[in-house]
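**Student:** Here you go, one structure.
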Amino acid sequence: MATVQDYVWFGAGLLVLVAATCLVGWRSGVGLGWSPLTSLARAVLQLSVVAVLLRGILSVPGTVVAFLALMLATASWTASGRLRELWHGRRAAVAGVAAGAAVALTSIFLLRLVDLEVRYLVAVAGIIIGSAMSAATLAGRNFLRGCRHRRDEIEAWLSLGATPARAHLDIGQEAVRESLLANLDQTRSTGLVTLPGAFVGALFGGASPAEAARFQLVVLAGIALSMTVCGVLVTRLLGRSPYVLGATADER
C-alpha cells in the first residue's frame, strides 16, 4: 500500500515533468504559457473525483448511465467550445461526438466484442468518447482552415449554382482525412512503436497478453469508427453554412 512519502515523491516527479514542458515551450517560443501546469492540475483534480465516483459506480451498476452522460456532456462541451467561431459549430460538435460515440459503442457491444459489464462499458466508453471529442475538434479546425485557404474555390462553386454542401464537400473530406492520420499511424505502429494505454492497463489489471491484445484491438477499431463518423458528420453539418466560412462578418 502506498505511503504518504510515496505520494509526495510521485507528486514531485510530476511537477518536474510539467516544469520541463513549460520550460521547453517558453524557450522555444511556442506560447504554451502555464497551460501544461494548469491542465495537469485539472487532470489531477478530475481523476481524483472520478476515482471516488467509480467506486460507487462499479458497486451500483445503475449509476453508470449518469456517469456516461456526464462524460458525453463534458466531451461535447469541450469540442463545441473549439468550434464556436464556425456557423452552428457548437451544434455540429455535439452531434458529431454523440453520433460517433453511439455508433462505435453500440457496434462493439452488439457484436459482443467485449462483455457488457459495467467495468468494460466505462473503460471503453471513456476511450471512445474522448476520441470522438478529438475528432470533432480536429475535423472542425481543419475544415475552417481549409475554407480560409480555398475561399475562391468555394465562391466559384456557389457562383455556378452549387449548394453550400457541394461547395464545401472536398474541403470537408480533406479535413476528415487529416484528422484521422495520427490515429491511423498509431494503429499501424501498435506493438512495434507504441504499447497503447488499453493494452498496458489490461496487463496491469491481471489480463493475459492475449486478452490484453484482444481488448486493445477492439478499442483501436472502435476509435477509428467513432472518429470517422464524428468527423464526417461535423464537416457535413458545417458545410451547410449559407456563408462563405472564410469570409469576415462584414463580408457576409
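The values are calculated or read from the model by the stated rules, or taken from the named source; none is laboratory data. Computed from a prediction, not measured in an experiment: that's the story for all the values here. Reconstructed Cβ throughout: ideal geometry from the backbone, glycine too, with neighbour counts over all protein chains shown. We work out accessible area using only protein heavy atoms, side chains counted, and drop any ligands, DNA or RNA first. Shrake-Rupley method; radii C 1.70, N 1.55, O 1.52, S 1.80 Å.
**Student:** Got a number for residues in segment 17-55 being over 24 Å from V65 (Cα atoms), of a type outside the set (G, A, S) and more than 21 Å from the chain's Cα centre (by Cα)?
**Tutor:** 10
**Student:** Follow-up. I'm told D250 meets every condition in (1) open to solvent by less than 50 Å² (accessible area, probe 1.4 Å); (2) modelled with pLDDT under 70; (3) more than 22 Å from N142 (Cβ to Cβ) except one. Can you identify the failing condition by its number?
**Tutor:** For D250, the failing item is (1).
**Student:** A follow-up question, please. For residues that are at pLDDT below 80 and of a type in the set (V, I, T), tally how many sit in segment 183-226.
**Tutor:** Summing the residues that are at pLDDT below 80 and of a type in the set (V, I, T) in segment 183-226 gives 4.
Residue by residue, here is whether (1) of a type in the set (G, A, S); (2) open to solvent by less than 40 Å² (accessible area, probe 1.4 Å) holds:
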{"site": "A73", "(1), (2)": "yes, no"}
{"site": "S76", "(1), (2)": "yes, yes"}
{"site": "V97", "(1), (2)": "no, yes"}
{"site": "G100", "(1), (2)": "yes, yes"}
{"site": "F109", "(1), (2)": "no, yes"}
{"site": "V114", "(1), (2)": "no, yes"}
{"site": "A132", "(1), (2)": "yes, yes"}
{"site": "R141", "(1), (2)": "no, no"}
{"site": "E155", "(1), (2)": "no, no"}
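**Student:** Could I ask something else about it? Is it the case that G11 is assigned to a helix (DSSP H, G or I), small (G, A, S), more than 30 Å from V234 (Cβ to Cβ) and at pLDDT below 85?
**Tutor:** no
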